[in-house]
Amino acid sequence: MNAHHHQEANPTRALTWQGRRDVRVETVPDPLIEEPDDIIVRITSTGICGSDLHLYEVLGPFLDPGDILGHEAMGIVEETGPDVQAVTVGDRVVIPFNVSCGTCFMCSQGLHSQCETTQVHAYGSGASLFGYTKLYGQVPGGQAELLRVPFGNQLPIKVPDGPPDDRYVYLSDVLPTAWQAVEYADVPPGGSLTVLGLGPIGDMATRIAQHRGAGLVIGVDLVDERLQRAAAHGVTCLDLRLHEKDLVDAVRELTGGRGTDAVIDAVGMEAHGNPVTKAAQWATGLLPDSLARPFMEKAGLDRLGALYAAIDLVRRGGTVTLSGVYGGAVDPMPLLRMFDKQLQFRMGQANVLHWVPKLLPLLTDQDVLGVDTFATHHLPLEQAPEAYAAFQAKEDGMIKTLLHP
């Protein structure tokens, strides 16, 4: 009786997907311990990620109404299954966005985003992700008051009490994604890097690259607030609105005619590109699911403008890293050009737990990467729908939002 009463007194609230451009905060059933090593976390902060906009906009065929979104969460352990020893009730934890077991072959290789225990075989996808469609396991996400987290002995990242959530919450996604992008870019000491897209991942990648010894870091975007913010951190910024036709020349001019040693594409399929493909991508949002799904997978609707720019900008023998999400693209890659320039490509979802030991020291004593002031907006969870709309429209100087249940 007591438990039932508790349910009435504190209904659990969560941000749910209801349809294209339609997300709502609703009352949902409490998540329960289902496996002996599950934990339940009471969420204190949860980010909105640029990839959440893909769900908002185009990935509808892979969602069901009521799916709980969000994959950048932290909070306090509220309950643990009988087999959990690594954390206890009251611990402060960050939850990686990959659902990784920590013990399989792939996890032991440091490839947590390819976890063999949670791979989604029905779609041939890698490890499951929190709050990210049937392609990635349809696991209820973290934009909620409570979150069930599997692999309680391996997955949660314990963080110290004290600093505000802002110090640690980005361990869930932004920090490891940006760190992996920079690691994969393999910029030589004192070398040069172009970052396409100065949203949260691109912005953080510029900071990490500078911290790790890059000489010249060029950032490209077309949103005033993003350009100003990166410039304030020592990035050489190029406004795409001024360099739409001569971006390659502008980068070469800054690099002795060669191009940068590496390019990080932190734009992904949100790129401003070909209006025809853009229209096709929009149209899929309006097709019945049975038609839209193969169309999304096969028609190569992604706008590859940023990727083609990266291939042009990088110097010969350089490296291109993709951290933006490219969903279902079968676009022709310019293989001849890639071969002729002797390029290396590295890509993939971030292996969150693999990078945490490198990142935690940068957060403990002082805030080396400026995470404390990284969020532009802090809002209650109930205002999530407005936040999604503003973020989609890039309004209100919104670069990074943290929601607080």
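The values are calculated or read from the model by the stated rules, or taken from the named source; none is laboratory data. This is a predicted model, so every value here is computed, not measured. Here the Cβ positions follow ideal geometry from the backbone for every residue, glycine too, while neighbour counts run over all protein chains shown. What goes into the accessible areas is simple: the full protein's heavy atoms, side chains included, and nothing from ligands, DNA or RNA. Shrake-Rupley method; radii C 1.70, N 1.55, O 1.52, S 1.80 Å.
The table below lists the values:
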| quantity | calculated |
| --- | --- |
| Val41 being out of contact with any Leu (no Cβ under 9 Å at 6 or more places or on another chain), open to solvent by less than 20 Å² (accessible area, probe 1.4 Å) and not in a loop (DSSP other than H, G, I, E, B) | no |
| Within region 13-35, considering residues that are in a strand (DSSP E or B) and out of contact with any strand residue (DSSP E or B) (no Cβ under 7 Å at 6 or more places or on another chain), the one least open to solvent (accessible area, probe 1.4 Å) | Gly19 |
| Index of the failed condition, Asp166 passing every other in (1) outside any loop (DSSP other than H, G, I, E, B); (2) open to solvent by 20 Å² or more (accessible area, probe 1.4 Å); (3) at pLDDT 95 or above | (2) |
| Set Pro140, Pro150: member being touching a residue at least 24 places away in the same chain (Cβ under 8 Å), open to solvent by 10 Å² or more (accessible area, probe 1.4 Å), more than 30 Å from Arg346 (Cβ to Cβ) and of a type outside the set (Asp, Glu) | Pro140 |
| Verdict on Asp396 being over 18 Å from the mean Cα position of the chain (by Cα), in a loop (DSSP other than H, G, I, E, B), within 30 Å of Asn153 (Cβ to Cβ) and of a type outside the set (Phe, Trp, Tyr) | no |
| Selected residue [open to solvent by 10 Å² or more (accessible area, probe 1.4 Å) and not acidic (Asp, Glu)] from Met74, Met106 | Met106 |
| Count - residues of region 109-136 that are buried (at least 24 other Cβ atoms within 10 Å of the Cβ) and of a type outside the set (Gly, Ala, Ser) | 8 |
| Qualifying positions in region 394-405 - open to solvent by less than 50 Å² (accessible area, probe 1.4 Å) and not hydroxyl-bearing (Ser, Thr, Tyr) | Gly397, Met398, Ile399, Lys400, Leu402, Leu403 |
| Residue check for Leu227: in a helix (DSSP H, G or I), open to solvent by 10 Å² or more (accessible area, probe 1.4 Å) and touching a residue at least 12 places away in the same chain (Cβ under 8 Å) | yes |
| Qualifying positions in region 113-134 - farther than 25 Å from Leu402 by Cα and in a helix (DSSP H, G or I) | Gln114, His121, Ala122, Tyr123 |
| Residue among Asp67, Asp91, Asp38 that alone is in contact with a strand residue (DSSP E or B) (Cβ under 8 Å, 6 or more places away or on another chain) and under 22 Å from Pro163 (Cα atoms) | Asp91 |
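So that you can scan it fast, the table gives a plain yes or no per residue for (1) farther than 27 Å from Arg20 by Cα; (2) among the hydroxyl-bearing types (Ser, Thr, Tyr); (3) at pLDDT 95 or above:
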position: Phe97; (1), (2), (3): no, no, yes
position: Gly102; (1), (2), (3): yes, no, yes
position: Gly110; (1), (2), (3): yes, no, yes
position: Ser125; (1), (2), (3): no, yes, no
position: Ala144; (1), (2), (3): no, no, yes
position: Leu147; (1), (2), (3): no, no, yes
position: Pro150; (1), (2), (3): yes, no, yes
